[in-house]
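Data block below; observations after.
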Amino acid sequence: MVDESTKKTLSSIPLLQTKAGPRDKELWVNRLKEEYQALIKYVQNNKAADNDWFRLESDKTGTRWFGKCWYVHNLLKYEFDLEFDIPVTYPTTAPEIALPGLDGKTAKMYRGGKICLTDHFKPLWARNVPKFGIAHAMALGLGPWLAVEIPDLIEKGVITYQEKTEEAK
Amino acid sequence: MSTVEELQKKVRELEAKLAAVQGNVAPVRQKIDVMSAEVVDSNPYSRLMALKRMGIVDNYEKIRELSVAVVGVGGVGSVTAEMLTRCGIGKLILFDYDKVELANMNRLFFQPHQAGLSKVDAAAATLQAINPDVTIDAHNYNITTVDNFQKFCDTISTGSLTGGPVNLVLSCVDNFEARMAINTACNELSQNWFESGVSENAVSGHIQFIAPGETACFACAPPLVVASNIDEKTLKRDGVCAASLPTTMGIVAGFLVQNALKYLLGFGTVTYYLGYSALTDFFPTMCLKPNPQCSDSQCVVRQKEARARPPPVELAAEVCEDARPLHADNSWGICLIDENAPEEEDSSNLRLAEGVQVAYSVALDSSTESSTGGAVAASELSLEDLMAQMKAM
Ligand SMILES: [Zn+2]
């Protein structure tokens with residue numbers, strides 16, 4: 001199962017109520033408001049726990065999301081662009097979070113830099129439709145992925161601190 | 001020292017040479033108007049038309065009027081498209097948004113010189129050269145996004161040679177999200193389709209025929225997996241997402257097109273679900289009843305329509321009849337479309353053939369019942385306010 005700290009993080013993110021996808025017009029606006037409320041709460045929790053690690057925003061329709069996430073390793077901050085689309089079948093299927101800057105640099109990714117999720121993710125997501133939202137996908141999917149993959153990629157020299165600052169320019 | 005004109009001429013010559021080498025040349029054969037059964041070495045259809053003479057297929061040339069959409073042109077989809085092309089299908093509509101990569105070369109169909117091209121364009125060029133009689137329509141986009149999904153639905157419902165719905169959709173995608181998108185589209189359009197898949201460990205696969213309302217749709221149950229008899233503890237996923245074998249993919253593509261041909265041309269018995277375990281050469285079959293509580297509301301609507309249609313679909317009955325004598329001793333192959341079946345404790349009535357199981361159960365998860373975050377409260381703030389608040393953090 002999911003480790004204790006991820007469980008604790010997950011349980012402190014508010015649950016969503018509206019089962020609506022991007023084709024559901026007004027209901028989707030309600031869902032989007034819930035998404036933002038949950039995300040704001042999650043970022044506040046992270047800040048309070050001194051573990052602020054991502055920012056996200058969406059286009060007006062709420063179907064295209066983009067932002068940054070970062071990971072601190074040996075006191076150096078490694079920052080990555082992140083993006084995903086909300087699929088038509090959301091929230092039955094989770095968003096596929098991608099770090100396009102790392103595409104092709106690790107085998108733990110699908111095409112386009114979509115992160116490879118653990119076997120725990122899909123069952124847990126399926127059992128929690130429609131209560132889980134984007135904030136939960138970040139906590140359960142991207143957070144643990146970064147914690148495992150980034151130190152490994154740094155150690156292998158695939159990503160370096162210099163490279164990151166160059167990309168940022 | 002060459003002049004600019006000389007260099008430009010040289011560039012034109014080299015470009016022409018390159019185009020010729022890359023195969024941008026005229027098709028090697030002209031189009032053929034009518035399929036002929038004449039057995040001569042110049043007739044590409046003689047062996048197919050022989051199916052008629054042998055009494056296997058009544059009307060093979062009907063294939064020229066039929067349209068099939070292949071969604072996903074990877075290890076399974078590309079081979080599927082090639083088989084249908086060689087069979088002389090009337091029209092093929094291809095969907096994919098990926099590029100050919102050298103990492104794909106452990107699979108069939110694509111060649112190293114195509115690396116970097118879009119899969120649909122590379123496939124269309126090869127397929128058109130193999131059989132110029134096939135109308136090929138290539139779509140290079142991700143069907144799961146809102147705008148593209150609508151384009152996808154429109155193409156499925158108007159893409160046939162006569163401007164109507166395609167005769168069959170074949171799902172050859174490699175992920176849950178795309179399968180659910182196809183399922184959503186086909187439930188909304190009452191479009192019959194085949195789902196196919198190969199497991200991420202490359203040693204099992206399946207095909208499944210889905211007639212909305214009549215058989216279980218892809219959302220009626222959690223994803224099904226064929227037991228691979230691998231101890232989960234010995235299955236290492238460290239460092240990789242997925243493995244693949246050309247063998248398993250080719251076998252699944254073969255099963256898929258075989259059943260598509262049977263469905264399209266009306267011969268033999270169409271399999272509802274056929275699994276394949278490579279390690280044990282085990283092939284479970286079954287047919288699955290739709291789930292009255294399916295999470296896809298359009299599936300439930302289609303089920304209502306199916307119940308109202310007199311008499312029950314002959315497809316389902318046929319399989320029941322055929323499955324019994326063939327697999328009398330086996331615990332699989334039992335038709336599960338049976339209105340008199342005793343109710344299971346599971347509301348979905350999902351009873352699977354031996355060797356097939358759900359990837360996970362959707363029983364309510366207890367970990368979120370202890371949620372300390374509660375549920376989001378109704379907010380007086382507008383969406384714009386919330387967006388601004390998030391941005392200002
Ligand atoms: Zn269903």
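We did not get these values from a lab; they are worked out from the coordinates using the rules stated. Quantities reported herein were computed from a predicted structural model and do not represent experimental measurements. Every residue, glycine as well, gets a Cβ built from its backbone with ideal geometry; the counts of neighbours run over all protein chains shown.
Observations, loosely collected:
- Database remark: amide H of A:E96 closer than 5 angstrom to the amide H of A:D85 (H placed geometrically; neighbours at sequence offset of 5 or more, or on other chains; Pro and chain starts carry no H).
- Where only alpha carbons of segment B:104-203 are counted, the Rg and the Dmax (Å): 14.9, 41
- Listed residue pairs exceeding 20 Å between alpha carbons, taken from A:K60/B:K99; A:K33/A:K114; A:K105/B:K99: A:K60/B:K99; A:K33/A:K114
- Total formal charge among the other residues, if their Cβ is under 15 angstrom from that of B:R302, Lys/Arg +1 and Asp/Glu -1: 0
- Positive-end residue, the protein assembly as shown charge dipole about Cα centroid, Cβ charges, pick of B:Q357, B:L102, B:L383: B:L102
- Shielding of B:303-310 by partner chains, average beta-carbon count, 10 Å: 0
- Shape category assigned to the protein assembly as shown from the gyration tensor of Cα positions, a/c cut at 1.5: oblate
- Remark: chain A projects, on average over all directions, an area of 9.8 nm² (convex hull of Cα atoms).
- For segment B:7-132, the alpha-carbon radius of gyration amounts to 1.26 times the rule-of-thumb value 2.2 N^0.38 Å expected for a compact globular protein.
- Measure of compaction for segment B:144-273 (Cα Rg per 2.2 N^0.38 Å): 1.15
- Nitroxide proxy distance, nm - points 7 Å out along Cα→Cβ at A:T160 and A:R64: 3.4 nm
- Only helical runs count toward this figure. For chain A, summing -39,500 (n - 2.57) over DSSP H runs of n ≥ 4 and dividing by all residues gives -11500 deg cm²/dmol at 222 nm.
- Loop-located trypsin sites (Lys or Arg not before Pro) in segment A:77-134 whose Cβ has at most 16 other Cβ within 10 Å (DSSP): A:K105
- The mean number of Cβ atoms from other chains found within 10 Å of a Cβ in peptide A:15-21 is 2, as a whole number.
- Taking a straight Cα-Cα cut-off under 23 Å and skipping sequence neighbours fewer than 8 places away in the same chain, the lysines within cross-link reach of B:K289 are B:K262, B:K304.
- Unit charges at the beta carbon, dipole of the protein assembly as shown: most positive-side option, A:G112, A:A38, B:P310: A:G112
- Cβ crowding within 10 Å averaged over residues, with B:72-84, B:44-56, A:86-98, B:95-107 ranked highest first: B:72-84, A:86-98, B:95-107, B:44-56
- Shown in residue order for segment B:251-256 are the 3J(HN,Hα) couplings computed by the Karplus curve 6.51 cos²θ - 1.76 cosθ + 1.60 at θ = phi - 60°: 5, 5, 4, x, 4, 5 Hz (x for Gly and Pro).
- Couplings 3J(HN,Hα) for segment B:215-222, derived from phi with the Karplus relation 6.51 cos²θ - 1.76 cosθ + 1.60 (θ = phi - 60°), are 10, 4, 8, 5, 9, 5, 8, x Hz, where x marks Gly and Pro.
- The modelled label-to-label distance between B:V21 and A:T118, using points 7 Å beyond Cα along the C-beta direction, is 5.0 nm.
- The mean number of Cβ atoms from other chains found within 10 Å of a Cβ in peptide A:37-44 is 4, as a whole number.
- Stokes-Einstein D in µm²/s, Kirkwood radius over Cα pairs - segment A:29-111 at 37 °C with 0.692 mPa s viscosity: 229 µm²/s
- In this structure the amide hydrogen of B:T215, modeled in the peptide plane, comes within under 5 Å of no amide hydrogen from residues 5 or more places off or on another chain.
- Looking at segment A:18-86, none of the GluC sites (Glu not before Pro) sits in a DSSP loop with at most 12 other Cβ atoms within 10 Å of its own Cβ.
- Within-15-Å neighbourhood charge of B:H206 [Cβ basis; K, R +1; D, E -1]: -4
- Computed FRET value (nearest 0.05) for B:R29 with A:V148, which takes r as the C-beta separation and R₀ as 60 Å: 0.65
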